[in-house]
Amino acid sequence: MPKELTSKGDFQKLLDSATEIRIARRGDDAKIKLRTKEALYTFKTTGAEADSLIKGLKTPVVEF
């Protein structure tokens, strides 16, 4: 079962340990899914903020 993150700070802390990042976009909203060795984490945000969060990462990003 995925764990939902509600804080942008918690999300950013986990970005470095992610093995894969998936983004599901629905209109202006986006759901970012982080796969780590321990668990799957989700974070709901706007599409523009999602782009700024994942910009410049070396982790593979998959768009849905």
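Assorted remarks:
- Qualifying residue in the range 41-64 (condition: more than 11 Å from the chain's Cα centre (by Cα), under 15 Å from residue 5 (Cα atoms), not β-branched (Val, Ile, Thr) and not in a strand (DSSP E or B)): no
- Of all the residues in the range 1-17, those that are in a strand (DSSP E or B) and either buried (at least 16 other Cβ atoms within 10 Å of the Cβ) or touching a Pro at 6+ places or on another chain (Cβ under 6 Å) (or both) number 1.
- Within the range 18-48, the set of residues being more than 15 Å from residue 64 (Cα to Cα), surrounded by 14 or more Cβ atoms within 10 Å (Cβ to Cβ) and either in contact (Cβ under 8 Å) with a residue 40 or more places away in the chain or of a type in the set (Gly, Ala, Ser) (or both) comprises just one member, 18.
- Qualifying positions in the range 50-60 - loosely packed, with under 13 Cβ neighbours inside 10 Å and in contact (Cβ under 8 Å) with a residue 40 or more places away in the chain: 57, 60
Laboratory data are not the source of any read-out in this text; all were calculated from the coordinates shown. None of these values were measured; they are calculated from a predicted model. Because the Cβ atoms are built from the backbone with ideal geometry, glycine has one as well, and the counts that use them run over all protein chains shown.
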